[in-house]
Amino acid sequence: MTNSPPIRPGATLGIVGGGQLGRMIALAAANYGLKVHVYAPDADSPAFDVAATHTVAPYDDAAALAAFADACDVVTYEFENIPHATAAILAEHATVRPSAHALLTTQDRLVEKDFVNSLGVPTAPYRAVDTAEELEAALADLGRPAILKTRRFGYDGKGQRTVREGDDAAAILAGFDGAPCILEGFVPFSREISVVAARGPDGAFAAYEPCENEHRDHILAFTRVPASGLDPTTAAAAESIARTIAEALDYVGVLAVELFEVEAEAGPARLVVNEIAPRVHNSGHWTTEGALTSQFAQTVRAVCGWPLGSTARTGGMQVEMENLIGEAADRWATLLAEAGAHLHLYGKAEARPGRKMGHVTRLISPG
Ligand code: AMP
């Protein structure tokens, strides 16, 4: 099935991946009267708790994938590291949004950076690196510090190491066990912002305003909206970058574009794309209470071919999202008692260090 039938309330939305993002998409879909079928390999997946149906099977189980896709009217996913063969099987049996092409482009840092640069949008300078010789040559070109990253499967600072003066670069590369890598030149950014945006099958586009992201130990700790003091020209440029990327991918769904803001000596700051997430994103969690349409509801709208919702902030409030990482989620009772704090817990049994267990959203009156 390649043409999508009309999606109506009562139809079945398939979600590949069973983490917290899948869980929050499932909750939003249920609100629209859709049935949700989640496919994930782990029997403990947090999204299973809130889905009408689930399949526990590995991502290379062709028969299980086909049966899952046949049972769905449209299929989306909550993470980008889906093997291409998996996406191809799903696409033979159901409409998959965003497309397998969008996945392929964004799951490999080298392919993604080539693509972004081909649009005339800047990224960090980079070189493909597979061998110690290529790494030496790349370091000679880009200088130190530079950041060595695996091309695939990196997240929350995993699969990357900074190469500083005096570091044994070859040993750092060897630590990646032969995984294909890229070396990125160091971007002297003043802060990190992101744009979460949606595009429908008819080309309709809606972006949330850029938000400001604060990381601790390579993991997102806080998102704040609006990004304080963000120049309107820079904000418009950020949204325009997201739109250019979405249109070039003929994208359907929600995507996030992470950007570095680099101060210029004069005039507006320069924006450099760090990475694209072809899905809802942690820096968009604020939208559940902070915007008129949450990024999860927006995903459902986009992949079903429904009108996109308003991305305006709720009541013009300032919004802060705080991630609850590891044992921070033990503060749940205190957070419940905090006036105006909206608590979300993901239902994960074990609070390992660095694991995202939940988040809190706070709406703050400006001034
Ligand atoms: P990533 O996994 O690519 O999102 O990188 C994780 C974090 O490392 C980013 O949020 C930045 O704080 C930092 N980082 C990544 N790439 C660069 C770069 N080229 N220059 C400076 N900092 C970087």
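Remarks
- Reach of K348 by Cα under 17 Å, taken over aspartates and glutamates that are not fewer than 8 positions away in the same chain: D42, D44, D49, E78, E327, D330
- Pairs of alpha carbons in segment 191-364 whose separation is greater than 29 Å (percent): 20 percent
- Note on the chain: Rg/Rh from C-alpha atoms, Kirkwood Rh, equals 0.96.
- Using only side-chain charges placed at the Cβ, +1 for Lys and Arg and -1 for Asp and Glu, the dipole size of segment 125-185 relative to its Cα centre rounds to 300 debye.
- Portion, in percent, of the accessible area of the chain that falls on carbon or sulfur, probe 1.4 Å: 52 percent
- Reachable lysines from K158, criterion Cα separation under 20 angstrom, eight or more residues apart if same chain: K113, K149, K356
- Taking a ≥ b ≥ c as the square roots of the eigenvalues of the Cα gyration tensor, segment 125-185 is rounded, since a/c falls below 1.5.
- Largest-first principal axis extents, alpha carbons of segment 12-96, Å: 31, 24, 19
- Within the chain, helix-based [θ] at 222 nm, where runs of 4 or more DSSP H residues each add -39,500 (n - 2.57), nearest 500: -8000 deg cm²/dmol
- For segment 3-98, the solvent-accessible area with a 1.4 angstrom probe is 39 square angstrom per residue.
The values are calculated or read from the model by the stated rules, or taken from the named source; none is laboratory data. These numbers come from a predicted model, not from an experiment. Backbone-built Cβ (ideal geometry, glycine too); neighbour counts: all protein chains shown. Note: accessible area is taken over every heavy atom of the protein model, side chains too, but ligands, DNA and RNA are not part of it. Shrake-Rupley method; radii C 1.70, N 1.55, O 1.52, S 1.80 Å.
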